[in-house]
Amino acid sequence: MDLLNTLVDKGLRREPPTRDEALAVLATSDDDLLDVVAAAGRVRRHWFGRRVKLNYLVNLKSGLCPEDCSYCSQRLGSTAGILKYTWLKPGEASEAAAAGLAGGAKRVCLVASGRGPTDRDVDRVSETIRTIKERNEGVEVCACLGLLSDGQAERLRAAGADAYNHNLNTSESTYGDITTTHTYADRVDTVRKAHAAGLSPCSGLIAGMGESDADLVDVVLALRELDPDSVPVNFLIPFEGTPLAKEWNLTPQHCLRILAMVRFVCPDVEVRVSGGREVHLRSLQPLALHLANSLFLGDYLTSEGQAGKADLEMIADAGFVVEGADEVTLPEHRAAGAAGCGAHEEPGCGAHAEAGCGAHAEAGCGGHEDAGGCGSAAAPQVNEARTDLVAVRRRGPGTDLAPNA
């Protein structure tokens, strides 16, 4: 297929596809799916080999968020039966992080619900970061606390944070349909604050919220402009008790097309398959490893993920290897001079702007089943609801049970 040959050549040169080419990837048929995966896989292997970076989430503060993000189980007015608790103490957070690190994770992501941190919250998280780093040599720490005020990113960096996550989530044109208590511009501003402070920017999207293919391409192109080092691709987890509970728009095949499109647009960036992979990719999860070079180990913020042991077996069975703590994730041209885990030196693949409420790899982040071309509207719901795969987290932080790692 000429399109795929063109996209591979561009990816190996770090040249972005055109908007029409990105849309065409999402419009490919299921008959061509393996060809799409193979082509994007060539780009992935060129820049990242067969390494898979493991990340581990620690939910520092769960629920009771004043923001109204429609996808989030922690949102204002949510009736989802999730765990609700206030701030974990630094020692508690460190113990939770240790479980993920023992399972092979090299990055710990510290997340807290809420619009954004107070200065006291930044002090609290800074102490947690220092505790984790003192107890675990070489660990990367990413903070995800919502919208940042002036000076807060610098304080997190001084405490030892390597990265900051804040997802754009969806396109600017549709953002107001998903959230009304903060704006798309607020998210972009936070990504830029983190970047300017020397934190490695992490920003991604949520697919499956009823958006069109055009919306998906637009948000990924916007991410490229912001130039993050890592791009989490989430797939909506339709929690009962949230406004998007009935949105079951994704198929495993379309999830793979979305990941391939992100890889072509962001060839040399850490692409992380994140929340909702178990719900929507299901038995096709191993194919996602040919597109993404990073994933979350174990559970998410408020939902249960695949067993950590199963994640490790999946990676090995698919012929990939877990990235070691002493290995640099990003290619040399991006990792050189990195502030944290590996920054960039040229426009690559967008900055980040996580959910204002602080939720990130959790509530999903994503696309739709529509395979239509340029500017096509979201397709009718065609995927069977799999509510049996949406399990509220009842272990790990905030409970007396051991975490899944």
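None of the figures in this text is laboratory data; all of them are computed from the coordinates on show. In this text, all values refer to a predicted model and were calculated from it rather than measured experimentally. No Cβ is skipped: glycine too gets one built from the backbone with ideal geometry, and neighbour counts run over all protein chains shown.
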Of all residues being out of contact with any Cys (no Cβ under 8 Å at 6 or more places or on another chain) and β-branched (Val, Ile, Thr) in region 182-211, which is farthest from Asp68 (Cα to Cα)? Just the residue, please. Val191
Selection within region 4-30 - surrounded by 14 or more Cβ atoms within 10 Å (Cβ to Cβ), touching a residue at least 60 places away in the same chain (Cβ under 8 Å) and of a type in the set (Ser, Thr, Tyr): Thr28
Residues that are small (Gly, Ala, Ser) and at negative phi, drawn from region 203-222: Ser203, Gly204, Ala207, Ser212, Ala214, Ala222
Region 1-96: helices (runs of 4 or more DSSP H) wholly inside it with 3 or more residues that are under 30 Å from Ala245 (Cβ atoms) are 19-26
Check region 39-51 and report whether any residue there is surrounded by fewer than 20 Cβ atoms within 10 Å (Cβ to Cβ) and in contact with a strand residue (DSSP E or B) (Cβ under 8 Å, 6 or more places away or on another chain). yes
Out of curiosity, is Val217 farther than 28 Å from Leu145 by Cβ, of a type outside the set (Lys, Arg) and crowded, with 24+ Cβ neighbours inside 10 Å? yes
crowded, with 20+ Cβ neighbours inside 10 Å, among the small types (Gly, Ala, Ser) and touching a helix residue (DSSP H, G or I) at 6+ places or on another chain (Cβ under 8 Å), is that true of Ala153? yes
